[in-house]
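Since every read-out is calculated from the coordinates, none of them should be taken as a lab result. Just so it is clear, the model here is predicted, and its values are computed rather than measured. Quick reminder, even Gly has a Cβ in these numbers, built from the backbone with ideal geometry, and neighbours come from all protein chains shown.
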């Protein structure tokens, strides 16, 4: 089987949903999602997604949420990364790493974000560490159900983009997490 070169496309978050919906259902079917730390959280939808195509099929995807937040009381533009997935048939083939590297390059060159921020399950921490992400060990507030309150998630990770990324402190996401 020949495999073509990867092609990266940046698409509108809502409009790209049909292209990744099946992948999302395979990775997080409702019965599996109940047993994850993501269950019951009101998540923001990405403004755009980076999709990695090979041979006309989506192999991996990462969502981007650009938002102004408060970091220790200072307004900063950040790039939230969420919905990072690799088609189960191709996991372990390096596609997740490729889409994340492409996304970070894109954010460093075109976005005005100080740093990247993502939430991940325990089994993904090492994957992101290898891509230079660090764990954030501070306090955070987010919106849930129209109210702002403390938010605790097992693994919050940050990556410097155009400024150093905080590894401690106080973050107000000024909206729901991503």
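A straight line joining the Cα centroids of region 55-86 and region 148-172 runs 13 Å. Given N residues in region 47-95, what is its alpha carbon radius of gyration divided by 2.2 N^0.38 Å? Relative to the 2.2 N^0.38 Å estimate, region 47-95 comes out at 1.52. Which of these, 88, 18, 164, has the largest mean-square fluctuation under a Gaussian network model of the chain (Cα springs below 10 Å)? Highest fluctuation of the listed residues: 18.
Specify the residue with the greatest mean-square fluctuation among 105, 86, 36, computed from a Gaussian network of the chain linking alpha-carbon atoms under 10 Å apart. In the Gaussian network model the winner is 36.
Would you kindly state how much longer the chain becomes between residue 141 and residue 97 on full extension, computed as 0.36 nm times their sequence separation minus their alpha carbon distance, in nm to one decimal?
Residue separation times 0.36 nm, minus the Cα-Cα distance, leaves 12.9 nm.
Across 12, 137, 56, mean-square fluctuation computed from a Gaussian network of the chain (C-alpha pairs under 10 Å connected) peaks at 56. Sorted fewest first by neighbouring Cβ atoms within 10 angstrom, 45, 123, 65, 102 come out as 123, 45, 102, 65.
Counting neighbouring beta carbons within 10 Å and listing from fewest to most, the residues 178, 17 come out as 17, 178.
Once the Cβ-Cβ distance of residue 111 and residue 75 is raised to the sixth power relative to R0 = 22 Å, the FRET efficiency obtained is 0.90.
Bridge orientation summary for region 56-178: considering DSSP beta bridges with both residues in this region, about 75 percent are antiparallel. As a proxy for reagent exposure, 85, 100 were ordered by neighbouring Cβ count within 10 angstrom, fewest first; the result is 85, 100.
In the chain, the longest principal axis of the Cα atoms and the axis of helix 95-110 are about 50 degrees apart. Using every pair of separate Cα atoms, the Kirkwood estimate puts the hydrodynamic radius of the chain at 16.7 angstrom. Computed from Cα atoms, the angle from the helix 17-27 axis to the main principal axis of the chain rounds to 90 degrees. Here the translational diffusion coefficient of region 1-51 follows from Stokes-Einstein with Rh set to the Kirkwood radius across Cα pairs; for 25 °C and 0.890 mPa s it amounts to 187 µm²/s. Only DSSP H runs of four or more residues enter the estimate; each adds -39500 (n - 2.57), and after division by the residues of the chain the mean residue ellipticity at 222 nm equals -5500 deg cm²/dmol. Distance from the alpha carbon centroid of region 1-25 to that of region 97-144 works out to 20 angstrom.
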